[in-house]
Amino acid sequence: MAVAARSIHQTRRIKLQVFRYVVFALAAIFFLVPLGAMIEFSTRANNGSRTLEYWQSIPKYPDLTDAIFASLQLALITSIAMLVLLVPTMVWVRLKLPRLSRIVEFICLLPLTIPAIVLVVGLFPMYLWLNTNLSDSILTLAFAYVVLVLPYCYRAIDAGLGAIDVKTLSEAARSLGANWFDVIWRVIVPNISNAILNATLLSVALVLGEYTIANNLLYNNLQVELVHLGRDNAGVSVAVAVASLLFAFVLLVAIAFIGGRPRRVRPEAVTTVGIGPTAGSPR
Amino acid sequence: MPFLAYVGFFLVLPSVIIGIGAFLNADNAFTLDNFRNLSRSYVFKATIDTTVISAITALLGASLGAILAYAIVTGSPNGLLRRLTVSASGVLAQFGGVTLAFAFIASIGSAGFVYLFAKAHGFDYYAHGIWLFDIPGLDLVYLYFQIPLMVLVFLPALDGIKPQWREAAESLGGNTWHYWRHVAGPLLFPAFLGAVLLLFANAFSAYATANALINQGQPVLAQQIAGAMSSEVGAFEPGFAKAIAIEMIIIVTLVTILYSLLQRRTARWL
């Protein structure tokens, strides 16, 4: 009896292991082949041999280098603006206006439920006005991008603030004579540096991958230019796509690495509002 | 507070512009024509097509993702394989847009090595037309971010299943089928359904991937919005674009509300 039961369990375990490895192998094929194909495609010469010609000719496309530069600038501006806007507000709400915290959370997570294409429809007339009255620089896109990255950064920073005792820290600093700027800049920020780095990397990754808003507001950022170029010279376009992907991948691995360090995180901040994790990501 | 001012300007104001603009005609007079125009055949078709694409990729993505999640969860909870697949899912669920379209064009497109290889071995999967740049292609490409998203949202539910429940079912004489049919299945079903809805909303809002992949025609509702907004294709109809935007918001919001209700139901047990 016991022997029979054990062999049933054993066959079940073997079956399960076979099932698992088949599933993992199939998943690996589905997810890795398209990525590998891009590298293969961007190094394939017309006669079928390997070449780095496409990679080398990236600097020869001024529109492309301009777009890369613009996207990098946008990433920088967006990250700084997001931090300046979000960190003091969230600290302030935590300390002084806890009743507002639900509202701020709701506002910050709202862009997740609004598809980017819908946001563009509302932004379009505003940007028409902005272009004629203020500036038609591509860098004005940062205004919209701050809204786009808001939910992701809110979660990152909220987790960071949840892990420290904001109240005690700020009261201690205040009683030692610090003003509010010092409290935030010299006490809170160093304590949530991981969360801030996390939020920054996320917004950089999001801005570099953004296409919908830029394309429909008629700006040439990196992704828009990639599509244009893809119609003329697919090889160069795919090469840049691989490069940007690798860059974003490094950023995301960095996030995973930072996030992997043990720390206390309040889970309810993420789960109480019933909005999905990525419903508004830039695709 | 500067935060509220900023959000008011760049989040609330655009919403108000959409809400009001949808009821205005070209002369800024009140009209319901924009909503009547939603019944235009090409917009109606785009709505149906987008719904079908979202439903197919949500159901397929959820099923395949659930299988993958099960394969992950039956392994060691701190094992390398699990950590690797979970972080990879986190990256791939965010992976979309232009680069994703390129990845598929470069692999299974008509110049991609998978196609060249298959064709050289007598399997020409484009014999009846290049479906990659049409709705079937979109379905396949969307799965690339739907499956990882499913893994991320379904893993916590699977982790909540206790091995004791299976032992209990077995000690009461139940076999594997009984266990899945009467214990694990009913427990996981709300979580699964909720995930399907989340994936649906995710695919429904997608724009960049579709636009980078498909040049001809605008099969996706998001592309119709873009088309009506810019004068690139056809007429410049800002009011109409806003009406389609409202249609889209209503659908996504309904799905999201259902999702959060199901989340609450799931939380009761898992």
query: In region B:240-263, what residues are crowded, with 22+ Cβ neighbours inside 10 Å and either touching a Lys or Arg at 6+ places or on another chain (Cβ under 9 Å) or under 22 Å from A:P125 (Cα atoms) (or both)?
result: B:F240, B:A241, B:K242, B:A243, B:I244, B:A245, B:M248
query: Would you say B:F35 is at pLDDT below 90, under 22 Å from B:Q224 (Cα atoms) and either in contact with a helix residue (DSSP H, G or I) (Cβ under 9 Å, 6 or more places away or on another chain) or within 13 Å of chain A (Cβ to nearest Cβ) (or both)?
result: yes
- request: Filter the helices (runs of 4 or more DSSP H) completely within region B:154-270 down to those with at least 1 residues that are closer than 30 Å to B:N37 by Cβ.
  value: B:185-205, B:208-213, B:221-229, B:238-267
field: Neighbours by Cβ (under 6 Å, 6+ apart or cross-chain): first from region B:55-82, closer than 13 Å to B:N202 by Cβ; second at pLDDT below 95 and polar (S, T, N, Q)
entry: B:T57/B:Q146; B:G61/B:Q146
message: Out of the residues in region B:126-139 meeting the condition of being over 23 Å from A:S42 (Cβ atoms) and more than 12 Å from chain A (Cβ to nearest Cβ), tell me which one is nearest to the chain's Cα centre (by Cα).
response: B:D139
field: Pick from region A:129-153, criterion aromatic (F, W, Y) and surrounded by fewer than 23 Cβ atoms within 10 Å (Cβ to Cβ), ranking: nearest to A:V93 (Cα to Cα)
entry: A:F143
field: Qualifying helices (runs of 4 or more DSSP H) (wholly inside region B:1-61; at least 2 residues being touching a Phe, Trp or Tyr at 6+ places or on another chain (Cβ under 6 Å))
entry: none
message: Checking the conditions here, which among B:F44, B:F95 is on the phi < 0 side of the Ramachandran plot, surrounded by fewer than 19 Cβ atoms within 10 Å (Cβ to Cβ) and either at pLDDT below 90 or of a type in the set (A, V, I, L, M) (or both)?
response: B:F44
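The values are calculated or read from the model by the stated rules, or taken from the named source; none is laboratory data. The model shown is predicted, which means the values in this text are computed figures rather than measured ones. Backbone-built Cβ (ideal geometry, glycine too); neighbour counts: all protein chains shown.
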